[in-house]
Amino acid sequence: MRSSNPVFSRRGFSRDNGYAGFNTAPQAGGNPYAQAPTNPYATNPYAQQDTQYGAPQAPARGNVMTMDDVVSRTAITLGVVAAGATLAWAVLPVTSTSYWLAVGASLVAFVLAIIQSFKAKPVPALIIGYAAFEGIFLGVISEMFNERWSGAPFQAVLGTLAVSGATLFAYKQRWVRVTARYARIGMTIAIAFVLVMTVNLLVVVFGGADGGGLRSFGPLGFAVGVLAILIGCFFLTLDFKQIEDGITYGAPREESWLAAFGLTMSLVWIYMEMLRLVAILQGDD
């Protein structure tokens, strides 16, 4: 995410390796979506070349990404988001000043995400900084929603957990198979969605209209919200595939920070859309 949401700009691990992008043309590092060969290092984009014979060598043990690395980094990143949100909720009252502070925090988070997306390697400080400012934004927005629709943030959190858990289950059961074609189609839909929402926002800001009701709290707004959540689920499946491939091919341990970064942005996307859906379902009280 480079669009208004940075999730579109960071699909894949470091741009230097074979996981960047979803090009179906043969790559020097091998196709990350192909079945793993008997010798996984035969097409491993992370394999080091033997300086004497030029043969690919397995990555050094102890310096490769594991599931524990991904889980721990993701827990840290989401923990910072949660801490920032809790602090903002507790300290900042619901006022117009707080709202603009939240907007400022979201812009800072966006800039940090964009900077990270252009880095060849993950920078933990940028990722943690993104999480902190994103947390401030979510805390203020969640408090505002809670003031008008009591309990909406808690229900949105439960909904996010349910949707992400169901997506993981579907992925593990191979009901969803992440292929290059799947990624291309999904990204086309996602980019088109963001472009339409951007135009809609500009119409609302400068035209003083409701933008055709695309983000209203009516039936059309609800349908658009459901579509947005499905797009968030699509992002999660890409994240799961990238993590699975990274572990299989022995990605460097530092890549676990990018995995955590991607998962956090996908979950934030789903939470924000879930918050809107809960508000719509509760009605205009």
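The values are calculated or read from the model by the stated rules, or taken from the named source; none is laboratory data. From a predicted model like this one, the values you see are computed outputs, not experimental measurements. As a convention, Cβ positions derive from the backbone with ideal geometry for all residues, glycine included, and neighbour counts pool all protein chains shown. To get the accessible areas, we keep the full protein, side chains included, count just its heavy atoms, and leave off ligands, DNA and RNA. Shrake-Rupley method; radii C 1.70, N 1.55, O 1.52, S 1.80 Å.
With respect to Val140, is the statement that it is assigned to a helix (DSSP H, G or I), open to solvent by 70 Å² or more (accessible area, probe 1.4 Å) and farther than 16 Å from Phe235 by Cβ true? Answer is no for this residue.
In segment 99-119 there is at least one residue that is modelled with pLDDT under 95, part of a loop (DSSP other than H, G, I, E, B) and not β-branched (Val, Ile, Thr). When you scan segment 71-88, do you find a residue that is assigned to a helix (DSSP H, G or I), open to solvent by 60 Å² or more (accessible area, probe 1.4 Å) and of a type in the set (Ser, Thr, Tyr), even just one? For segment 71-88, residues assigned to a helix (DSSP H, G or I), open to solvent by 60 Å² or more (accessible area, probe 1.4 Å) and of a type in the set (Ser, Thr, Tyr): present. Inside segment 246-257, can you point out the residues that are under 19 Å from the mean Cα position of the chain (by Cα) and open to solvent by less than 10 Å² (accessible area, probe 1.4 Å)? Within segment 246-257, Gly246, Glu255, Ser256 meet the criteria.
Criterion first (under 30 Å from Pro93 (Cβ atoms) and either among the hydrophobic types (A, V, I, L, M, F, W, C) or at pLDDT below 90 (or both)) does Leu168 satisfy it? Considered against the rule, which asks whether it is under 30 Å from Pro93 (Cβ atoms) and either among the hydrophobic types (A, V, I, L, M, F, W, C) or at pLDDT below 90 (or both), Leu168 comes out as no.
Determine, yes or no, whether Ala162 is surrounded by fewer than 20 Cβ atoms within 10 Å (Cβ to Cβ) and of a type outside the set (S, T, N, Q). Taking the combined requirement at face value, the residue satisfies it.
On inspection, Ile229 does not qualify as more than 15 Å from Ile127 (Cβ to Cβ), in contact with a Gly (Cβ under 7 Å, 6 or more places away or on another chain) and part of a helix (DSSP H, G or I).
Restricting attention to segment 143-152, which residues are outside any helix (DSSP H, G or I) and among the aromatic types (Phe, Trp, Tyr)?
Start the filter on segment 143-152 by keeping residues that are outside any helix (DSSP H, G or I), which leaves 149-151.
The one that is outside any helix (DSSP H, G or I) and among the aromatic types (Phe, Trp, Tyr): Trp149.
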